[in-house]
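The values are calculated or read from the model by the stated rules, or taken from the named source; none is laboratory data. The shown structure was predicted, so the numbers you read here are calculated from the model rather than taken from an experiment. Neighbour counts run over all protein chains shown; Cβ positions are idealised from the backbone, glycine included.
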Amino acid sequence: MPELTDNQIADLRALQNNCAELGAEIVVIGAIAYQVHFPAESRQTGDIDFAVALDLDEFAELERRLVADGWVRFAHREHRWRSVQGTILDLIPAGPKLREAKQVTWPASQFTMSLVGFDHVFASAQPTQLAPALTLKVISSTTLTGVLCQFPPRGLGLHRCGIVCCDSKRFRFTPSDHQHATCSL
């Protein structure tokens with residue numbers, strides 16, 4: 001299991017509560033999820049990544065709540081937030097409309113992120129106890145492999161995974177999906 005600080009745990013509970021009040025499912029993705037599934041592997045991270053089941057108009061309310069709680073968005077990374085206690089979180093809006101479009105384009109920067117396969121991220125996520133009294137849904141290990149294909153972490157050398165994620169019936173990729181993914185056969 002990942003080792004979380006007391007501050008991180010408190011911040012994750014606050015995020016979980018805010019999202020619950022908005023009726024939004026959240027799923028841990030990224031290196032923390034990797035640590036959950038592959039604890040023997042050494043994978044360090046300075047942030048905690050989440051997919052948030054909100055479309056951009058609804059996500060604006062979550063952003064408003066975070067700001068009201070004293071959280072700060074990074075100036076040149078619309079998805080990155082720092083809590084009052086210093087926890088860094090990457091929050092990726094992935095509501096139904098965005099998942100249908102298979103991408104999110106951030107309003108200010110116009111930067112586009114792929115959401116190919118994110119229906120499966122939410123469908124296959126499993127509740128996992130990350131700390132006492134903190135259970136969050138975590139991306140499944142098989143889905144994590146597909147997401148790593150789209151967003152390969154620096155230094156992991158996962159460029160060959162195109163066969164795994166882009167040819168997988170599990171993700172139900174269509175030929176048009178390949179324009180949104182960063183890997184291909």
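Worth pointing out:
- Complete set of residues in the stretch 121-132 that are in a strand (DSSP E or B) and buried (at least 16 other Cβ atoms within 10 Å of the Cβ): Thr128, Leu130, Ala131
- Qualifying residues in the stretch 73-83 (those that are closer than 14 Å to Ala14 by Cβ and without any contact (Cβ under 8 Å) to a residue 60 or more places away in the chain) - the one surrounded by the most Cβ atoms within 10 Å (Cβ to Cβ): Trp81
- Any helices (runs of 4 or more DSSP H) falling wholly within the stretch 1-120 and containing at least 1 residues that are farther than 19 Å from Thr145 by Cα and modelled with pLDDT of 90 or more: 6-21, 56-68, 96-101
- Residues (free of Cβ contacts under 8 Å to residues at least 60 places away in the same chain, farther than 27 Å from Gln8 by Cα and either touching a helix residue (DSSP H, G or I) at 6+ places or on another chain (Cβ under 8 Å) or basic (Lys, Arg) (or both)) located in the stretch 84-115: Lys97, Leu98, Arg99, Pro107
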